[in-house]
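Participant: Sharing a structure below in structure tokens format, with a few things to ask.
The values are calculated or read from the model by the stated rules, or taken from the named source; none is laboratory data. Computed from a prediction, not measured in an experiment: that's the story for all the values here. Counting neighbours? That spans all protein chains shown, and the Cβs are built from the backbone with ideal geometry, glycine included.
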Amino acid sequence: MYVLCLSTYLSAAFEHYPADPAAVGSGLITINIQANAIGIFADPASVTSFQNRHVGVSSGKRFGLSLLKHQSAALAFPVKNGYAAFGASIFGDEHYSEKMWCLIMGRQFSDRLSIGMGLMYYDLQIKNYGQAGSWGINVGWNMKLDDTLYWRGYWRNINGPTIGSARESLPQVLVSALTYTPIPQANVIVEWEQDTIYDSRVKFGGQFNLLPWVTIHTGHAISPGQTTAGIEINYKQIIINYALSTHSHLDLSHWLGLGFSFR
């Protein structure tokens, strides 16, 4: 099992970005729907959602495998004439690890359009093989279509980065999503994802404010089919998230997140 997973990830380095548990629970989407600082890694335009400083940390394990564990931390905050964030993440174990650092800048150009850009540094380490690094650039957008409908998305690694002496290409990913708010207590999300390695993937999910301090999430992603669920608890300025996802052949994956907003 270890060799199988390692060989899979060697051919798709940095395919898995840090994920906000709220987004995971809503169908493994990558759009930062709940304005958690962890979401800025994948969705740079979401940095414009943070009117106050926000710290986020997350941890988890995919399919119950220790070699697929991950930890991430990020800080997002407003700055003069815009918004900024930075974060760090590690994925893997002592044999194979992917480290990621990011610096995000964003600006709201009008009440309908926000743009974000992320400068990423990727650091790949393989025991007995060595280390390699590369720089990537991510661009994202958030467009208000009307009071209940938003078009959001991003283009990951738009500069086409490569890594290692073999100059292996890192995945370029294009994501387009629609978020719909039929009532103030609920959101519905549909996301389409296409990258340079795998077939396109459609994800859909939603979230519902069960109580003023409790939000539940659920969703589904196809190719492969994975069903997800999650819960968020808000206590004053503290946000606690938990999410899980299924797989037809592997064990459950788990995410746990903690956020704090300085108001």
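Participant: Examine segment 125-139 for a residue that is under 21 Å from the mean Cα position of the chain (by Cα) and more than 19 Å from Arg167 (Cα to Cα), and state whether such a residue exists.
Facilitator: yes
Participant: Name the one entry in Val79, Val47 that is of a type in the set (Val, Ile, Thr) and buried (at least 17 other Cβ atoms within 10 Å of the Cβ).
Facilitator: After applying the criteria, what remains is Val47.
Participant: Look through segment 138-195, keep the residues that are among the basic types (Lys, Arg) and surrounded by 19 or more Cβ atoms within 10 Å (Cβ to Cβ), and return whichever of them is farthest from Ser49 (Cα to Cα).
Facilitator: Pass one, segment 138-195, residues among the basic types (Lys, Arg): 144, 152, 156, 167.
If we keep only those that are surrounded by 19 or more Cβ atoms within 10 Å (Cβ to Cβ) as well, we get 152, 156.
Values: Arg152: 13, Arg156: 19 Å.
Looking at residues that are among the basic types (Lys, Arg) and surrounded by 19 or more Cβ atoms within 10 Å (Cβ to Cβ), I get Arg156.
Participant: Would you point out the residue of segment 231-249, among those that are in contact (Cβ under 8 Å) with a residue 40 or more places away in the chain, of a type outside the set (A, V, I, L, M) and within 24 Å of Ser200 (Cα to Cα), that is surrounded by the fewest Cβ atoms within 10 Å (Cβ to Cβ)?
Facilitator: Our first condition is that a residue be in contact (Cβ under 8 Å) with a residue 40 or more places away in the chain; within segment 231-249, this holds for 231-232, 239, 241-245, 247.
Checking which are of a type outside the set (A, V, I, L, M) leaves us with 232, 241-242, 245, 247.
Filter again for within 24 Å of Ser200 (Cα to Cα), leaving 245, 247.
Numbers: Ser245: 24, His247: 14.
Selected residue: His247.
Participant: Might you check whether a residue that is surrounded by fewer than 21 Cβ atoms within 10 Å (Cβ to Cβ) and of a type in the set (Asp, Glu) occurs anywhere in segment 36-44?
Facilitator: no
Every residue, every condition in (1) hydrophobic (A, V, I, L, M, F, W, C); (2) under 8 Å from the mean Cα position of the chain (by Cα); (3) under 20 Å from Tyr83 (Cα atoms); (4) modelled with pLDDT under 95, yes or no:
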site: Tyr17; (1), (2), (3), (4): no, yes, no, yes
site: Ala22; (1), (2), (3), (4): yes, no, no, yes
site: Asn36; (1), (2), (3), (4): no, no, yes, yes
site: Gly39; (1), (2), (3), (4): no, yes, yes, yes
site: Pro44; (1), (2), (3), (4): no, no, yes, no
site: Asn52; (1), (2), (3), (4): no, no, yes, yes
site: Val55; (1), (2), (3), (4): yes, no, yes, no
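Participant: Further, regarding this structure: Which ranges mark the strands (runs of 3 or more DSSP E) fully within segment 86-204 that have 3 or more residues being touching a residue at least 60 places away in the same chain (Cβ under 8 Å), farther than 28 Å from Ser223 by Cα and not basic (Lys, Arg)?
Facilitator: 96-108, 113-126
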